[in-house]
Structures are given as C-alpha cells and as structure tokens.
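Below: the structure, in structure tokens.
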Amino acid sequence: MVYTASSFVEQSFPVIYELDNANQTVKDIRFVGTDLNLDDIGGTVTFLQPEDTSKIIAYYIAVEDSVGTLATQLQLAEYKTVNGVAPNTVTVPAGTPRGSYTRFSVYVQSQRCFSDKPGVLSFTDAATDFNVRNITFSDLDLDETDIGGSMSWRVPKTLGEVTIFDIYLAESATGLGRGGPTMINTTSSDMLQQFVPENTWLRTTRLGATSTITTSTTATQTTSSMTST
C-alpha cells in the first residue's frame with residue numbers, strides 16, 4: 001500500500017497492489033534404478049514441472065542428506081529453461097553409493113534466487129514405490145493346518161525394470177524363514193494373481209511378494225509386501 005500525505009494530513013485511502021506470492025515446486029518425483037533397496041542409487045530421476053513456469057529460469061537436481069546443506073550435496077544436473085521448458089529427466093551414474101545421502105531434491109530458480117524448499121523424494125519412499133500393493137488372499141482350504149486359494153496383488157507404483165515377482169510363505173513380516181519362491185513374470189496387467197494349491201501346509205503365518213530385476217546380477221528387494229494368512 002502507498003499513501004500520500006501533505007503537511008496537514010495523510011490520505012485515508014491508499015493505492016493498493018496485491019502481492020503475487022509465487023510458489024512453484026516440482027511434483028511427482030520418481031526414481032527407476034537397478035538396486036531396489038537403493039544401496040546403489042544409480043538410475044534415472046524424473047519429475048513433473050509446475051503448471052506455472054513463467055518465473056522459472058532453471059532447475060537444479062541434487063542428491064542430499066536430510067539437512068540439505070549445499071556443502072554436502074551431490075549435484076546431478078542444472079537445466080536452463082527455454083521458453084519455460086526444460087528437461088525433466090536426469091541420470092544418476094551407475095555405481096553411485098548411497099553413503100550418507102537420504103533423498104533426491106529438485107530446486108527451482110528464478111531471476112532472483114533458488115527456492116528454499118525443493119521437491120523431495122526420499123530414498124525410503126523411492127524403495128517403497130517398488131513394493132507390490134494391495135495383497136489379498138482368500139483361503140478356501142477349511143483345514144486348520146493347511147491353506148489353499150487365490151492370492152492377488154497390484155504391481156508397484158514404479159515398475160521400472162522389474163521383471164519378476166517372488167511369491168513365498170514366511171514366518172514374519174520381514175520374511176523370516178521364508179520358503180520359496182514361486183517366480184511370476186511381470187505382465188502388462190496392473191493386477192496379478194497366483195493360485196496356492198490346497199493342502200499347502202501352514203507352517204508359517206504370512207504370504208509375501210518381492211520385486212526382482214533380472215540383469216547380469218539379480219537385484220531383489222530386502223523388504224517385502226505381506227498379508228497374514
């Protein structure tokens with residue numbers, strides 16, 4: 001607001017300008033790599049640019065620790081915009097160790113400064129995105145010591161290079177004492193199904209599924225999606 005004043009009195013009604021508080025942040029950051037546990041963070045990071053890019057001149061993509069200090073960042077790329085558009089994919093070199101880093105961060109830059117609050121994808125969330133979802137099992141074997149029926153699940157949010165799902169019985173949610181596994185190749189379907197034969201001895205209490213990448217060295221998740229039996 002701007003008031004004018006004379007030696008006698010100040011204006012009662014100023015000229016007003018409504019502030020335009022810009023708040024642009026990238027969205028839907030995703031990671032696709034060959035190590036589903038993210039001990040090796042080599043792979044590809046993608047993101048969606050904000051709807052309004054008129055004030056953005058560059059994107060800065062980095063790997064950071066939880067504090068996000070510049071001194072500890074590993075810069076991955078800096079993309080200048082052309083007519084408001086810039087690349088939204090960056091490659092993390094293969095063999096890059098996780099170390100003390102905890103997240104992928106994408107900053108936006110205006111003519112004046114970088115954003116203080118980047119778009120963030122934590123390594124924990126990136127690994128979770130490789131988990132299968134919505135496991136269900138209907139036990140049609142009526143004997144107390146046996147199970148049999150149909151197990152179904154949805155494919156991970158990020159399928160990436162996953163080619164196989166391992167299905168097994170286990171004694172705990174962490175996969176303790178798991179037997180196994182039955183290997184199911186991925187398909188184009190979002191919902192997959194596996195039949196568990198009747199009279200399968202219930203020596204365990206959990207059905208689980210892990211995602212696997214088949215490459216020269218197979219990378220298998222150490223954490224699983226589970227359902228109780």
message: Output wanted: per-residue J couplings in Hz (rounded whole) for region 48-64, from phi through Karplus 6.51 cos²θ - 1.76 cosθ + 1.60, θ = phi - 60°, x for Gly and Pro.
response: 9, 6, x, 5, 9, 10, 5, 9, 8, 10, 6, 10, 10, 10, 8, 9, 9
message: Please compute, for the alpha-carbon atoms of region 44-167, the extent along each of the three principal axes and give them in descending order in Å.
response: 70, 32, 24
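For region 81-160, what's the relative contact order in percent, using C-alpha pairs closer than 8 Å and at least 6 residues apart?
Details: 74 pairs, mean separation 16.3, N = 80.
The value is 20 percent.
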statement: At 37 °C and 0.692 mPa s, the Stokes-Einstein diffusion coefficient in µm²/s for region 81-143, with hydrodynamic radius from the Kirkwood sum on alpha carbon pairs, is 203
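Every read-out reported here was derived from the displayed coordinates using simple, explicitly stated rules and does not represent laboratory data. Predicted model only: the values in this text are computed from it and were never measured.
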